[in-house]
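Worksheet: one structure, shown below.
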Amino acid sequence: MKLLPFSSLLLPLVLGIVVLRAEKVDYNGYKVLRLSLGESVADIEAQIEELAAHVLNPGRAERLDVVVAPDNVDAVAALAADSTVLTEDVGAVLEEEGEMTTYAVPSETWFTAYHSYTDHIQFLRDLQGGFTSNSEIITAGSSVQGRALTGIHIWGSGGKGSKPAVLFHGTVHAREWISTMTVEYMAYQLLTKYSSDATVRALVDSYDFYIMPVVNPDGFVYSQTNDRLWRKNRQTVSSSSCVGRDINRNWPYKWEVPGGASTNPCSETYKGVAAGDAPENQGLVAQVNQLRDARGIRLYIDFHSYGQYILWPYGYDCNLRAENDAEMRSLASQAASAISGVSGTRYTIGPACSTLYATTGDSTDYTDVVGNVTYSYTYELRDQGNYGFTLPANQIQPTVRETWAGVVSMLQNA
Ligand SMILES: [Zn+2]
């Protein structure tokens with residue numbers, strides 16, 4: 001008799017633990033399919049979105065990369081005019097991505113593994129701690145779950161806040177982990193090379209750098225704890241049980257234009273209920289506006305993956321060109337050459353909408369027009385879909401190094 005109440009108390013606890021552990025998505029056996037769609041694309045795309053676990057390149061309707069559970073592979077393939085298997089087993093690829101290593105003080109070895117969010121914040125603090133006379137930790141508002149959007153401000157011989165701004169954002173899409181590492185590498189290089197490298201010193205003395213490696217912290221944490229392929233923030237909406245806004249479809253410029261984002265809360269590109277209604281977006285908008293009103297912003301780069309593109313405005317209109325379109329093309333072209341000069345990695349360049357796909361409420365349209373930024377770019381980093389978002393750890397260093405060469409080239413020509 002005494003055992004019964006004891007076990008009836010214990011059982012829910014045991015079950016509770018089991019349920020918690022089961023929350024993380026197990027991608028073993030899942031495949032990545034590259035689909036070519038035929039006629040009546042919108043209808044087919046909606047059916048595919050229902051069946052797929054994730055659409056990896058939402059918006060690119062004529063060629064979709066999707067993650068599909070084993071049981072749905074045949075059904076999804078049947079909807080497409082043509083399909084090829086990009087990844088046989090997503091679970092196996094995730095193992096190649098490597099273990100997250102425990103934290104070590106900033107050194108080049110940081111860029112040989114992926115890291116937890118907590119360790120990323122500690123990395124920034126330790127890096128800043130080594131260069132207290134020309135850097136400080138900054139924040140730009142906070143996330144839905146109350147995490148500060150944290151970055152680092154770096155300045156040169158003219159003193160803090162004396163030069164035009166260069167602004168880098170990373171990890172607006174949670175699953176794009178290579179962008180976190182790349183943006184951190186920019187800060188690492190600028191600070192650690194300042195005293196020894198004349199090129200770096202000239203750049204740091206010419207600009208105030210505002211560098212934000214993770215602007216979607218809630219989504220990033222969720223991509224580590226629950227679903228490696230999560231994209232959006234973690235904001236709820238009363239009309240749906242689906243979670244998350246696409247922060248890069250939420251910027252308050254041309255947000256209302258149809259066709260470049262989704263009004264369905266379950267979609268990977270859900271734009272939100274109103275322009276700028278994601279708290280993360282509000283923090284970033286305030287940051288851009290503040291830098292615009294201070295010394296102006298010379299260069300803005302929003303780092304994403306994957307596809308190997310350098311894109312500039314506009315996303316919302318495929319026919320419109322920025323006033324300085326030719327200069328933006330020239331800078332992008334030189335950056336692409338610098339990247340391929342390091343590693344042979346080839347980038348495609350062009351205005352965003354006509355080169356990749358239509359996007360509304362995106363960062364670079366806002367920074368170009370409202371932020372009055374001279375040069376606004378989106379980088380889509382490695383690769384072209386073989387690994388996609390889950391780029392193996394042994395490609396981190398090659399990626400950050402080649403991208404650094406591209407960014408230096410842009411800064412020298414800006
Ligand atoms: Zn992205």
- Charge dipole magnitude, Cβ of K and R +1, D and E -1 - the chain, Cα centre, debye nearest 20: 1040
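Tell me, what are the semi-axes, in whole angstrom and largest first, of the equivalent ellipsoid of the range 257-344 as set by the roots of 5 times the Cα gyration tensor eigenvalues?
Taking √(5λ) for each Cα gyration eigenvalue gives 27, 19, 15 Å.
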- Message: Using a Debye calculation, one point per C-alpha and no hydration shell, please list log10 I(q)/I(0) for the range 185-337 at q = 0.12, 0.20 Å⁻¹ in order.
- Response: -0.68, -1.46
- Residue of HIS153, HIS304, HIS173 that the Gaussian network model of the chain assigns the largest fluctuation, springs spanning Cα pairs under 10 Å: HIS153
- Query: Rg and Dmax of the range 188-260 over Cα atoms: what are they, in angstrom?
  - Reply: 18.8, 56
- Convex hull (Cα only) mean projected area of the range 120-181, reported in nm² to one decimal: 5.0
- Task: Quick one: pull the percent of accessible area on the chain belonging to carbon and sulfur, 1.4 Å probe, ligands and nucleic acids left out.
- Result: 51
- Compactness relative to 2.2 N^0.38 Å, alpha carbon Rg of the range 31-96: 1.03
- Query: How many lysine pairs in the chain, separated by 8 or more positions in sequence or lying on different chains, have Cα atoms less than 26 Å apart?
  - Reply: 8
- Query: Tell me, what is the Rg over Rh of the range 86-217, with Rh the Kirkwood radius over Cα pairs?
  - Reply: 1.01
- Once amide H atoms are placed 1.01 Å from N in the peptide plane, what residues at a sequence separation of 5 or more from HIS54, or on another chain, have their amide H within under 5 Å of its amide H? VAL67
- Message: Under 5 Å between amide hydrogens, which residues at least 5 positions from GLY296 or on another chain qualify, with H placed 1.01 Å from N in the peptide plane?
- Response: ALA165
- Rounded to a whole number, the Stokes-Einstein D of the chain in µm²/s (Kirkwood radius over Cα pairs; 20 °C; 1.002 mPa s) is 97
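Can you give the % of DSSP beta bridges in the chain that are antiparallel, to the nearest 5?
55
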- With unit charges on the beta carbon (Lys/Arg positive, Asp/Glu negative), name the residue among ILE152, TRP255, LEU320 whose Cα is farthest towards the positive pole of the charge dipole of the chain. ILE152
- How big is the gap, in Å, between the Cα center of the range 255-300 and the Cα center of the range 116-183? 19
- For the chain, calculate the relative contact order in percent as a whole number, restricting contacts to Cα pairs under 8 Å that are 6 or more residues apart. 16
- Task: Tell me which residues come under 5 Å, amide H to amide H, from GLY98 once H is placed; ignore anything under 5 positions away on its chain.
- Result: ALA393
- Query: If one computes P(r) from the Cα atoms of the range 292-414, what percent of pairs lie at distances over 23 Å?
  - Reply: 28
- Item | Peptides 348-360, 233-245 ordered by average Cβ neighbours within 10 Å, highest first | 348-360, 233-245
- Diffusion coefficient, µm² s⁻¹, Stokes-Einstein with Kirkwood Rh over alpha-carbon pairs of the range 81-151 at 4 °C and 1.567 mPa s: 85
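The values are calculated or read from the model by the stated rules, or taken from the named source; none is laboratory data. Everything numeric here is computed off the predicted structure, so don't read it as measured data. Here Cβ is always computed from backbone atoms with ideal geometry, including for glycine, and neighbour counts include all displayed protein chains. Side chains are part of the model used for accessible areas, which takes the heavy atoms of the whole protein and leaves out ligands, DNA and RNA. Shrake-Rupley method; radii C 1.70, N 1.55, O 1.52, S 1.80 Å.
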